[in-house]
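Reviewing the structure listed below.
The values are calculated or read from the model by the stated rules, or taken from the named source; none is laboratory data. Here the structure is a predicted model, which means the values were calculated and not measured. No Cβ is skipped: glycine too gets one built from the backbone with ideal geometry, and neighbour counts run over all protein chains shown. Only protein heavy atoms, including side chains, enter the accessible area calculation; ligands, DNA and RNA are left aside. Shrake-Rupley method; radii C 1.70, N 1.55, O 1.52, S 1.80 Å.
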Amino acid sequence: KDQNVHATTSEYRYYLNYCTFSYSMSMWDEARWMKELDWMALHGINLPLQIVGIDAVWYQMLTEDFGFTHDEANQFVVGPAFQGWWLMNNIVALGGPNPKWWYDRSAALGKKISDRMRELGMKPCLPGFVGMVPHKYVTDKGLKSFEMKWCGMQSPDILNPSGQTDAFNQLAQRYYERIQKVY
């Protein structure tokens with residue numbers, strides 16, 4: 001028996017978490033990502049977390065679908081090294097503002113990573129919509145939200161689903177449409 005071969009009965013072999021992206025991967029380029037994807041394939045990973053480009057999803061949604069300016073979108077989206085905490089609904093705007101070229105780079109790299117994952121037989125695990133929205137969106141639309149702070153920093157508003165299921169569902173639909181366009 002070859003001792004260098006390992007087998008598993010697990011159907012899904014998940015890899016990564018939000019913090020890893022913020023601590024280690026936030027500035028990786030395409031070459032470094034392709035090396036990591038090869039490593040994942042060699043180790044049987046088939047369900048890796050994929051958040052590269054999610055900032056571009058939000059940026060495009062806010063600026064193209066909801067009329068936010070670049071500066072207004074940057075009051076919600078965080079810088080690359082803080083995306084883990086942003087996506088866990090803890091913070092907004094920290095580490096930015098991001099230039100327009102960053103969002104373009106992020107979208108292009110996110111697509112390349114997702115495409116390569118699929119080529120290698122992986123299913124990218126993308127973040128779902130959980131109700132997180134910019135405060136400006138809530139006030140502009142006259143919606144109700146939960147306003148919170150995390151460690152003294154402003155957190156994203158979270159839509160209050162009570163009596164607002166249409167608003168939640170419409171925003172979620174738009175979010176998933178943008179994910180499909182970017183990835």
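Going by accessible area, probe 1.4 Å, with all protein chains left in place, what is the ranking of H43, H70, H135, largest first? Intermediate results must be reported in sequence, preceding the final value.
Numbers: H43 110, H70 60, H135 85 Å².
My answer, sorted largest first, is H43, H135, H70.
For K100 and V5, calculate 0.36 nm times their separation in residues minus their Cα-Cα distance, and state this gained length in nm to one decimal. Can you show the working numbers first?
Values: separation 95, 0.36 × 95 = 34.20 nm, distance 4.58 nm.
Once the chain is fully extended between K100 and V5, it gains 29.6 nm.
Count of lysine pairs in the chain with Cα atoms under 14 Å apart, counting only pairs 8 or more residues apart in sequence or on different chains?
Counting lysine pairs in the chain gives 6.
Specify whether the C-alpha gyration tensor of the stretch 29-105 places it in the rounded, prolate or oblate class, a ≥ b ≥ c being the square roots of the eigenvalues: rounded for a/c under 1.5, otherwise prolate if a/b is larger than b/c and oblate if not.
Note, shape of the stretch 29-105 comes out prolate.
By its C-alpha gyration tensor, with a ≥ b ≥ c as the square roots of the eigenvalues, how is the stretch 1-156 shaped: rounded for a/c under 1.5, else prolate for a/b larger than b/c, else oblate?
Taking the square roots of the gyration eigenvalues as a ≥ b ≥ c, the stretch 1-156 is prolate.
Using only protein heavy atoms and a 1.4 Å probe, report how much of R32 is accessible, in Å² to the nearest 10.
So the heavy atoms of R32 present about 80 Å² to solvent.
Suppose all protein chains stay in the model; what accessible area per residue would a 1.4 Å probe give for the chain, in Å²?
In whole numbers, the chain has 54 Å² accessible per residue.
Return the FRET efficiency for the residue pair N17, D38: r is the Cβ-Cβ distance, R0 is 30 Å, and the value is rounded to the nearest 0.05.
Plugging the Cβ-Cβ distance into 1/(1 + (r/R0)^6) gives 0.90.
How large a share of the accessible area of the stretch 1-108, in percent, is made up of carbon and sulfur atoms when the probe is 1.4 Å and the other protein chains stay in place?
C and S atoms contribute 54 percent here.
Treating only the Cβ atoms of Lys and Arg (+1) and Asp and Glu (-1) as charged, compute the dipole magnitude of the stretch 1-105 about its Cα centre; round to the nearest 20 debye.
On the way: 6 positive and 12 negative charges, 77 e Å.
The dipole magnitude comes to about 360 debye.
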